[in-house]
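Single-structure report; data block below.
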Amino acid sequence: MKTYMAKPETVERKWYVVDATDMVLGRLASQVAAILRGKNKPTFTPNVDTGDFVIIVNCDKVRLTGKKLEQKMYRYHTGYIGGLKEIQYKKLMNDKPQFAVYEAIRGMLPKNAIGRQMIKKLKVFRGAEHTHAAQKPEELKLR
């Protein structure tokens, strides 16, 4: 019995639309990261990007549980001495919810060249409209 190893040129990719209304941010991110990685397919191969394209709409209606809106911080460094910046998630979700969802998913993907290739298949939109109708995406219900 031989083990199947996927090749990049033979991977079949689908397009999915996920409505993020009233979904918890972490649960949404982990399930979408698995789809981007291709772990939902029987042809999953760790060293090949076998994942599908995912379009997330209504990301401004995603929610955080507990006191995370007040207590959780998005941190980044400018590169200068003492340049650590912090933004409260309440402000981040009001100003740029698509960035918060994107960063949550990006953090769950591999930190290498394959991970950078996988994140390019993610499209996040603030409202209910998206610009990828020509790809005929299927609606995907996540738990």
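The values are calculated or read from the model by the stated rules, or taken from the named source; none is laboratory data. All values reported here derive from a predicted model rather than from experimental measurement. All Cβ positions, even for glycine, are placed from backbone atoms using ideal geometry, and neighbour counts span all protein chains on display. Accessible surface areas use protein heavy atoms only, side chains included; no ligands, DNA or RNA. Shrake-Rupley method; radii C 1.70, N 1.55, O 1.52, S 1.80 Å.
Brief remarks follow.
- Residue that is closer than 30 Å to TYR4 by Cα and modelled with pLDDT of 95 or more, where the choices are ILE81, ILE87, ILE35: ILE35
- Qualifying residues in the stretch 114-143 (those that are open to solvent by less than 80 Å² (accessible area, probe 1.4 Å) and without any contact (Cβ under 8 Å) to a residue 24 or more places away in the chain) - the one farthest from PHE99 (Cα to Cα): ALA133
- TYR74 vs. criteria farther than 20 Å from ARG143 by Cα and outside any loop (DSSP other than H, G, I, E, B): yes
- Filter pass, THR50 being touching a Phe, Trp or Tyr at 6+ places or on another chain (Cβ under 8 Å) and at pLDDT below 95: no
- Taking the stretch 1-26 as the range and being surrounded by 13 or more Cβ atoms within 10 Å (Cβ to Cβ) and in a helix (DSSP H, G or I) as the test, the residues that pass are LEU25, GLY26.
- Residues satisfying the stated conditions in the stretch 37-90, i.e. open to solvent by 20 Å² or more (accessible area, probe 1.4 Å) and touching a residue at least 60 places away in the same chain (Cβ under 8 Å): ARG37, ASN47, PHE53, ASP60
- Residue that is free of Cβ contacts under 8 Å to residues at least 12 places away in the same chain and either closer than 14 Å to LEU122 by Cβ or outside any loop (DSSP other than H, G, I, E, B) (or both), where the choices are ALA34, ALA29, ALA100: ALA34
- Subset of the stretch 103-113 that is out of contact with any helix residue (DSSP H, G or I) (no Cβ under 8 Å at 6 or more places or on another chain) and part of a helix (DSSP H, G or I) - its residue that is surrounded by the most Cβ atoms within 10 Å (Cβ to Cβ): GLU103
- If the condition is being over 12 Å from the mean Cα position of the chain (by Cα) and either aliphatic (A, V, I, L, M) or in a helix (DSSP H, G or I) (or both), then the stretch 117-143 contributes GLN117, ALA128, ALA133, ALA134, GLN135, LEU140, LEU142.
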